[in-house]
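What follows is one structure encoded as structure tokens, with my remarks underneath.
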Amino acid sequence: MSPAQRDATAFSPASVGNAAVGFDILGFALAGVGDTVTVRRIAEPLVRISAIRGAPFPLPLEAERNTAGKALIAMRQALELEYGFELEIEKGIALGSGMGGSAASCVAALVAANALLDTPLTRHALYPFAMAGEEVASGGRHGDNLGPMLLGGLVLATADRLVRIPVPSAWHSLVVHPEAVLETRRARDALAGSYALKDFVAQSANLALVLAGCHAGDEVLVREGLRDVLVEPRRAPLIGGFDLAKAAALDAGAMGASISGAGPSVFAWFPTRDDALAAAPSVQAAFARAGFDSQAWVSPLDSPGAALL
């Protein structure tokens with residue numbers, strides 16, 4: 001780090017977790033919307049948050065209770081840093097939207113703070129700190145939002161490893177967010193109970209088809225596999241207009257469509273950007289019929305991850 005460089009600002013894109021067939025392990029980045037965090041290196045051996053802007057209601061300023069703050073605490077402790085960090089967070093992702101809002105602040109903070117280290121780490125090395133931060137918001141350690149934000153594109157995120165999955169450059173995602181909030185913990189509560197073994201087998205087969213299709217650039221395999229038979233049936237009733245929106249995406253030629261993260265946003269994959277753009281009005285119209293205004297984003301599946309500004 002240059003002696004004159006005492007602060008850095010980073011942007012993290014939103015992301016879609018679960019990606020239909022990869023509950024808690026598969027997600028992709030979404031260009032065009034995200035969170036921005038400025039980090040200052042300070043002499044005091046602590047992490048503090050001086051401001052959070054852009055949120056519709058107050059978020060915790062206590063570092064231990066904030067995803068970004070907790071991630072930097074984990075970084076400081078692991079690296080045994082003698083100095084600390086001060087953060088300013090600018091929220092750009094709607095809370096409770098299913099687009100990785102808590103994870104984005106966490107990742108942007110880590111990328112900015114990493115630039116201030118005497119010896120910066122790789123993105124993969126930041127992953128455990130991001131997991132510590134995400135746990136504050138979700139109550140669990142899962143990286144399906146964090147991985148795409150750190151690496152960009154479509155990412156398989158296990159407990160200890162991030163693997164970026166190749167996808168054709170022409171493939172695009174459409175994400176539509178209805179003006180509604182679905183808290184992650186409520187969405188997780190809907191998953192309580194037993195599951196049939198045949199559903200696990202079907203979901204595993206679908207995940208394998210999607211991963212094989214992405215590696216091969218085979219749209220037919222993805223169309224066959226991008227179907228959530230395990231989680232979507234339990235969460236869909238919590239999302240007003242979901243069935244209409246999904247049907248509209250599929251009717252418009254989507255390779256598949258499902259719930260973005262914990263919801264209520266909906267995502268769909270398309271063979272081209274033009275296909276995704278053409279489908280957006282019909283998906284938004286479906287939510288409008290259910291009584292919800294909405295926003296839509298079209299993004300390449302092979303989109304960038306977090307970056308310094």
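Considering only residues that are surrounded by 14 or more Cβ atoms within 10 Å (Cβ to Cβ) and out of contact with any helix residue (DSSP H, G or I) (no Cβ under 8 Å at 6 or more places or on another chain), which ones fall in the stretch 200-222?
Of everything in the stretch 200-222, those that are surrounded by 14 or more Cβ atoms within 10 Å (Cβ to Cβ) and out of contact with any helix residue (DSSP H, G or I) (no Cβ under 8 Å at 6 or more places or on another chain) turn out to be Ala202, Gln203, Leu211, Gly217.
Going by the conditions given, is Val16 crowded, with 23+ Cβ neighbours inside 10 Å and over 27 Å from Asp118 (Cα atoms)?
Yes, satisfied.
Determine which single condition Arg164 fails, assuming it passes every other condition in (1) closer than 23 Å to Lys70 by Cα; (2) surrounded by 13 or more Cβ atoms within 10 Å (Cβ to Cβ).
(1)
Taking Arg234 as meeting all but one of (1) surrounded by fewer than 17 Cβ atoms within 10 Å (Cβ to Cβ); (2) part of a loop (DSSP other than H, G, I, E, B); (3) of a type in the set (Lys, Arg), write down the number of the exception.
Of everything listed in (1) surrounded by fewer than 17 Cβ atoms within 10 Å (Cβ to Cβ); (2) part of a loop (DSSP other than H, G, I, E, B); (3) of a type in the set (Lys, Arg), Arg234 misses just condition (2).
Does the stretch 148-164 include one or more residues that are in contact (Cβ under 8 Å) with a residue 40 or more places away in the chain, farther than 30 Å from Ala252 by Cβ and of a type in the set (S, T, N, Q)?
Scanning the stretch 148-164, I find at least one residue that is in contact (Cβ under 8 Å) with a residue 40 or more places away in the chain, farther than 30 Å from Ala252 by Cβ and of a type in the set (S, T, N, Q), so the answer is yes.
Quick one: in the stretch 85-137, of everything that is assigned to a helix (DSSP H, G or I) and among the aromatic types (Phe, Trp, Tyr), which residue is surrounded by the fewest Cβ atoms within 10 Å (Cβ to Cβ)?
Tyr127
List the residue pairs whose Cβ atoms are under 6 Å apart, where the first residue sits in the stretch 72-87 and is assigned by TED's automatic domain parsing to the domain that holds Ala115, the second is of a type in the set (D, E, K, R), and the two are 6 or more positions apart or on different chains.
Tyr83/Arg41; Gly84/Glu44; Glu86/Arg40; Glu86/Arg48
Inside the stretch 23-50, can you point out the residues that are over 27 Å from Arg76 (Cβ atoms), in a strand (DSSP E or B) and aliphatic (A, V, I, L, M)?
Once the filter is applied, which keeps residues that are over 27 Å from Arg76 (Cβ atoms), in a strand (DSSP E or B) and aliphatic (A, V, I, L, M), the stretch 23-50 yields Leu26, Leu30, Ala31, Val33.
Across the stretch 23-48, which residue is farthest from Ser173 (Cα to Cα) among those that are surrounded by 24 or more Cβ atoms within 10 Å (Cβ to Cβ) and not aliphatic (A, V, I, L, M)?
Of everything passing the filter in the stretch 23-48, Asp35 is farthest from Ser173 (Cα to Cα).
Give me the residue from the stretch 201-231 that is in contact (Cβ under 8 Å) with a residue 60 or more places away in the chain and outside any helix (DSSP H, G or I) and, out of that set, farthest from Ser282 (Cα to Cα).
Going through the qualifying residues, I end up with Leu230.
So, of the residues in the stretch 142-159 that are surrounded by fewer than 24 Cβ atoms within 10 Å (Cβ to Cβ) and touching a His at 6+ places or on another chain (Cβ under 9 Å), which turns out to be modelled with the highest pLDDT?
Once the filter is applied, the top-ranked residue is Leu151.
How many residues does the stretch 280-309 contain that are charged (D, E, K, R) and closer than 30 Å to Leu110 by Cα?
Qualifying residue count, the stretch 280-309: 1.
The values are calculated or read from the model by the stated rules, or taken from the named source; none is laboratory data. In this text the structure is predicted, and so the values were computed from the model without any measurement. Cβ: placed from backbone, ideal geometry, glycine included. Neighbour counts: every protein chain shown.
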